[in-house]
Structures are given as structure tokens and as C-alpha cells.
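Here's the structure, in C-alpha cells; my notes come after.
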Amino acid sequence: MTDGKPGPESLPAMAQRAAEVYAEVAGARFGGPRPTSVAVGWAPGRINLIGEHTDYSEGFVLPAAIDRLVAIAGRAGDEPVASVYSAHHDEWARFRLDGADDAGGAEKPPAWARYVQATWRQLTLAGAAPPIPGFSAAIVGDVPLGAGLSSSAALEVATAMFARALGGADLEPLAVARLCQQAEQAGATVRVGIMDQAAACLGRPQHAILLDCRSLAAEYIAANLPGLAWVVFDTATPHELAASEYNVRRAQCEAAVARLAPALAAATPGRVVATLRDVTMADLATHGALLGETLLRRARHVVTEDERTLRAAEALRRGDGVTFGRLMNASHVSLRDDFAVSCLELDAAVEIAQATRGTLGARMMGGGFGGSIIALVERDELETLATRLAVEYPARTTRQGQLIVCALDGQTGARRALDSA
Ligand code: GLA
């Protein structure tokens, strides 16, 4: 992360844009002279190469930050309120920062603003918010919303960076990720794991992050395979079930552990089984009957996905895209059949991609029930895939999806006193 000191040349274009948009809209709303100095924070969206629905069982994930950012620029104000403009929604939101909304039953801010509010609240609770009463700010970005590229995590981390730029605490990246995870849980009432926020904090150009979600140890693995591209296809499916079913899956993982732990401890005195991370396929073979059909399937997904993720990381280290692709395909089967978080549109897009020449592997990505798929594709065959998806996906689903070729990047940062002139 940059810490606010480097020169203007290292400011990403999106951060510059946020400063310009802020100067424009703040002038129109509040009047007064055009601000010459603003604070700005920014953070990227992410893809996840493999390791899905494993983070909250303290397993392994392999995300990578991408070249699409959310940036927020603004300055301190005298009242205990935030006035925030979203360029995407072309809308202002105003909310209190001192918690008075909760007491007064005031109208809730729009969903996008709640991520900013929730992040600020977590920073305040942690004693990491800047010593200012309030602020005004503008948000811009090019992380598509609802496509499973974690635009909300990018917004949360960008908000935390913005707070740092305004004089807030200079927290470690993983401390920022944890605060933002808590903000997401509060803002969206989904008990998410740490993957998205960690990726938004830890990303590096051209690298994926093998994150151990128990120890939070991160290993960077070069992920730009020669001749291959990471491609996302947004299925344009609203993921209505995502929040409720996500919480159900998480509870099922916990229920499986609650049933297995005593039996495994009885079989091996002293053995501690805290999460599905501690369970093996051999355990499921001997004690799976304790779980019943549904919980056994859920547990099997997590246990096998952890194994696949470690094998995929190994394949990536040696530049073996073919093996990586096969593991992606197997991940999709497991997410679809055992974890039951896919849907017709995700399956259709994955099947079309897998049947296309030059696609080494494809699977659904993220929480599921909509959002995107990810595929590993030969660059020379990108057009072939684009054409087939453009024709076959609408025919099978009556929806129009969108193909996004992702460049791996990892720009996260904060800048104080930017001259926006
Ligand atoms: C969402 C959550 C993550 C993770 C994925 C599934 O993106 O925010 O924490 O659980 O789903 O892998």
C-alpha cells in the first residue's frame, strides 16, 4: 500500500478522477471555492482463481486483485455527518457519524452508502478513525456492481484508505481487511469470510494470493501464465438468494463441525476440530454417517476444495495451466452438486466455456446464485469464447452477459492533501 507520501505520478487515474469529481460536485452542492486539497483512498476489485466457500471454514483461497478500482475523495467537515456522492448512482447520501441515526430512527442511507457508514463505524470502534467530526466525499469506480468482483469490499477498503488519508490510523493491511469484513457483515447482514477484503488490501500486480484463512499467512504466486488470460463472464443474474443462502451454507459448515468434532476427538484423544479445515476425506469416510446427506455434501465440498486449492497453487507455481484448468472444472462440479450454490445461468456459462476450444477450465466464482464465472483461456482463442458466449448464453438463459478480460493488479492506497487543481 502507498501511505500518502509518493508523488502525484503514482496516483491511479481513478483516484485522480475521484478528486476531480469531488471538486465538481462539492462545488455545485456546497458552493464556495473549488477545493485545492483533498484526501483520497482507493482499492481494487478481485477475482478468485480457486478456493470458493472455504474462507469462513479457515481454509485456503487463491484470489487476485484486478485493474479495476473504487476511489473515494473528499475532505473533512465541521458537522458529525457524512455527505457522500456516488457517481455510479448519481446520488448524494447524508448520514450521521456519531451513531445518532440508530437512536433517532432516521431514514437509512441507500445500500451503497451503508458500506461507507459501516466501515467508518468499524474504524471508530477500533479507535482508528481520523479525529474529525465529519466529511464530504465523492465515490467513483469501474468495478462492475453485482458481477461478483467484490465492488463492496473495494468500497470498504477505499473508505478505510480515505479515512487514513484524512489522518486516521495507519493500520496493517490485514487489520484493515478485518475491519472491512466486519463492516460488510454489518452493512449487508451476510456473514462473509475475509477473502474479498483481504484481496482488496493485499493485491499485487501480476500475482495471486494464496491466503491461509486460519493463520492469514499470504503467499504471492505469479499468476500471469504465458499465452493465457483470466477471463470473467458476468452472467447478469441478480443474486437474490445470495445473502440468505450464504448464511445457511455457513451455518451448515458449523453444524457439520459440531457433529464431527466430538466423534473425532473420541477416536483420537486430544484432537481438536475447530472448523472444516481440521477435517479430512478419511474422516468423512469413517464418520460421515453422523452428518446425514446434506451436511456430508457441504463438508465434502469444503474439504475437497481446500485440497484442490493447494494443488492449484502448486500447479500455478510451476506454470501448469492445464492442471489448473482441470481443478477449476472440478471445483465447479463440487460447488454445483455438493455445495449447491450454482444456478442455471452460472452452469450454462461454465458449460459453454468448458466446451470452447482454448478454454483450459471454468467455474462459478464468488458466493454463487448469480454473479460471474471465471475461466482460464488461451489468449489466441479469446475471440472464440467471446463469440460462443455471445450467441449461446442468451439462447440458453434469455440474458445478456458480459465478458471481462482481467489484468491482475493491486493498487490500494491513501493520499493526503492532493492538489486537485
Ligand atoms: C463471498 C464472500 C467471501 C467468500 C466467497 C465464497 O464473496 O464475501 O468471503 O466466502 O463469497 O468463496
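The values are calculated or read from the model by the stated rules, or taken from the named source; none is laboratory data. Just so it is clear, the structure is predicted and the values come from calculations on it, not from any experiment. Note that each Cβ is placed from the backbone with ideal geometry, even for glycine, and that neighbours are counted across all protein chains shown.
Does Gln117 satisfy being polar (S, T, N, Q) and crowded, with 24+ Cβ neighbours inside 10 Å? If you could, list the steps in order and put the result at the bottom.
On the way: polar (S, T, N, Q): yes; crowded, with 24+ Cβ neighbours inside 10 Å: no.
So Gln117 does not fit the description; no.
Under the condition of being in a helix (DSSP H, G or I) and in contact with a Lys or Arg (Cβ under 9 Å, 6 or more places away or on another chain), which residue from region 103-116 is modelled with the lowest pLDDT?
From region 103-116, those in a helix (DSSP H, G or I) are 103-104, 111-116; that's our starting set.
Okay, now just the ones that are also in contact with a Lys or Arg (Cβ under 9 Å, 6 or more places away or on another chain), so 104, 113-114.
Values: Gly104: 50, Ala113: 95, Arg114: 93.
By that ranking, first place goes to Gly104.
Out of region 144-183, which residues are touching a residue at least 60 places away in the same chain (Cβ under 8 Å) and over 24 Å from Tyr22 (Cβ atoms)?
Matches in region 144-183: Gly146, Ala147, Gly148, Pro173, Gln182.
Quick check on my filter: what residues within region 110-128 are touching a Gly at 6+ places or on another chain (Cβ under 9 Å), in contact (Cβ under 8 Å) with a residue 40 or more places away in the chain and farther than 29 Å from Met364 by Cα?
Gln117, Arg121, Leu123, Ala128
Which one is farthest from the ligand (Cβ to nearest atom), of the residues in region 145-158 that are farther than 18 Å from Tyr246 by Cα and in contact with a strand residue (DSSP E or B) (Cβ under 6 Å, 6 or more places away or on another chain)? Spell out how you get there, then give the answer.
To start, the set of residues in region 145-158 that are farther than 18 Å from Tyr246 by Cα comprises 145, 154-158.
In the following step, the residues that additionally are in contact with a strand residue (DSSP E or B) (Cβ under 6 Å, 6 or more places away or on another chain) were identified as 154-155, 157-158.
Numbers: Ala154: 12, Leu155: 13, Val157: 13, Ala158: 16 Å.
Once the filter is applied, the top-ranked residue is Ala158.
Pull up region 26-55, narrow it to residues that are under 30 Å from Gly325 (Cα atoms) and touching a Phe, Trp or Tyr at 6+ places or on another chain (Cβ under 9 Å), then point me to the one that is surrounded by the most Cβ atoms within 10 Å (Cβ to Cβ). Steps first, please.
Taking region 26-55 first, the residues under 30 Å from Gly325 (Cα atoms) are 43-55.
Next, only the ones that are touching a Phe, Trp or Tyr at 6+ places or on another chain (Cβ under 9 Å) stay: 47, 49-54.
Numbers: Ile47: 25, Leu49: 29, Ile50: 31, Gly51: 25, Glu52: 29, His53: 27, Thr54: 29.
In this case the residue turns out to be Ile50.
Can Ser136 be described as modelled with pLDDT of 95 or more, assigned to a strand (DSSP E or B) and touching a Lys or Arg at 6+ places or on another chain (Cβ under 6 Å)?
Numbers: modelled with pLDDT of 95 or more: yes; assigned to a strand (DSSP E or B): yes; touching a Lys or Arg at 6+ places or on another chain (Cβ under 6 Å): no.
Answer is no for this residue.
Any residue at all in region 185-193 that's buried (at least 17 other Cβ atoms within 10 Å of the Cβ), within 12 Å of the ligand (Cβ to nearest atom) and at pLDDT 95 or above?
Yes.
Mind checking which residues of region 339-361 are more than 16 Å from the ligand (Cβ to nearest atom), within 19 Å of Arg308 (Cβ to Cβ) and not acidic (Asp, Glu)?
Across region 339-361, the qualifying residues are Ala353, Gln354, Thr359, Leu360, Gly361.
With the requirement that a residue be surrounded by 24 or more Cβ atoms within 10 Å (Cβ to Cβ) and among the β-branched types (Val, Ile, Thr), what does region 123-139 give you?
Residue satisfying the conditions is Ile139 alone.
So which pairs qualify, if the first residue must be in region 377-391 and surrounded by 14 or more Cβ atoms within 10 Å (Cβ to Cβ), the second must be in a helix (DSSP H, G or I), the Cβ gap must be under 6 Å, and the two must be at least 6 apart or on different chains?
Val377/Leu385; Arg388/Ile352; Leu389/Ile352
Pairs under 9 Å by beta carbon, first residue closer than 20 Å to Phe369 by Cα and of a type in the set (A, V, I, L, M, F, W, C) in region 50-69, partner near the ligand (Cβ under 7 Å from one of its atoms) and in a strand (DSSP E or B), six or more apart or different chains?
Ile50/Val61; Val61/Asn48
Given (1) among the small types (Gly, Ala, Ser); (2) within 18 Å of Ala199 (Cα to Cα); (3) assigned to a loop (DSSP other than H, G, I, E, B), identify the lone condition not met by Ser152.
(3)
For Arg75, work out the one condition from (1) basic (Lys, Arg); (2) outside any helix (DSSP H, G or I); (3) within 16 Å of the ligand (Cβ to nearest atom) it doesn't fulfil.
With respect to (1) basic (Lys, Arg); (2) outside any helix (DSSP H, G or I); (3) within 16 Å of the ligand (Cβ to nearest atom), Arg75 is out only on (3).
Mind checking which residues of region 244-256 are closer than 16 Å to Gln185 by Cα, touching a residue at least 24 places away in the same chain (Cβ under 8 Å) and more than 10 Å from the ligand (Cβ to nearest atom)?
Result: Glu245, Asn247.
Assess whether Val231 counts as being away from the ligand (no atom under 15 Å from the Cβ) and over 18 Å from Ala126 (Cβ atoms).
Numbers: away from the ligand (no atom under 15 Å from the Cβ): yes; over 18 Å from Ala126 (Cβ atoms): yes.
So Val231 passes the test.
Does Ser37 count as at pLDDT below 95 and in contact with a strand residue (DSSP E or B) (Cβ under 6 Å, 6 or more places away or on another chain)?
On the way: at pLDDT below 95: yes; in contact with a strand residue (DSSP E or B) (Cβ under 6 Å, 6 or more places away or on another chain): yes.
Yes: the conditions hold for Ser37.
Which residues, counting only those in region 303-325, are surrounded by fewer than 18 Cβ atoms within 10 Å (Cβ to Cβ), in contact with a Leu (Cβ under 8 Å, 6 or more places away or on another chain) and not hydrophobic (A, V, I, L, M, F, W, C)?
Answer for region 303-325, where residues must be surrounded by fewer than 18 Cβ atoms within 10 Å (Cβ to Cβ), in contact with a Leu (Cβ under 8 Å, 6 or more places away or on another chain) and not hydrophobic (A, V, I, L, M, F, W, C): Arg311, Gly319.
Of all residues in region 391-418, which are in contact with a strand residue (DSSP E or B) (Cβ under 8 Å, 6 or more places away or on another chain) and not in a strand (DSSP E or B)? First the steps, then the outcome.
The first filter runs over region 391-418 and keeps only residues in contact with a strand residue (DSSP E or B) (Cβ under 8 Å, 6 or more places away or on another chain), leaving 393, 401-418.
Passing the criteria: Tyr393, Gly401, Ala407, Asp409, Gly410, Gln411, Thr412.
Restricting to region 20-67, name every residue that is within 16 Å of the ligand (Cβ to nearest atom) and part of a strand (DSSP E or B).
Initially, region 20-67 is screened for residues within 16 Å of the ligand (Cβ to nearest atom), giving 43-66.
Of everything in region 20-67, those that are within 16 Å of the ligand (Cβ to nearest atom) and part of a strand (DSSP E or B) turn out to be Ala43, Pro44, Gly45, Arg46, Ile47, Asn48, Phe60, Val61, Pro63, Ala64, Ala65, Ile66.
Which is under 23 Å from Tyr115 (Cα atoms) and buried (at least 18 other Cβ atoms within 10 Å of the Cβ), of Ala208, Ala242? Lay out the reasoning, then the answer.
Details: Ala208 fails: under 23 Å from Tyr115 (Cα atoms).
Selected residue: Ala242, the only one of Ala208, Ala242 that is under 23 Å from Tyr115 (Cα atoms) and buried (at least 18 other Cβ atoms within 10 Å of the Cβ).
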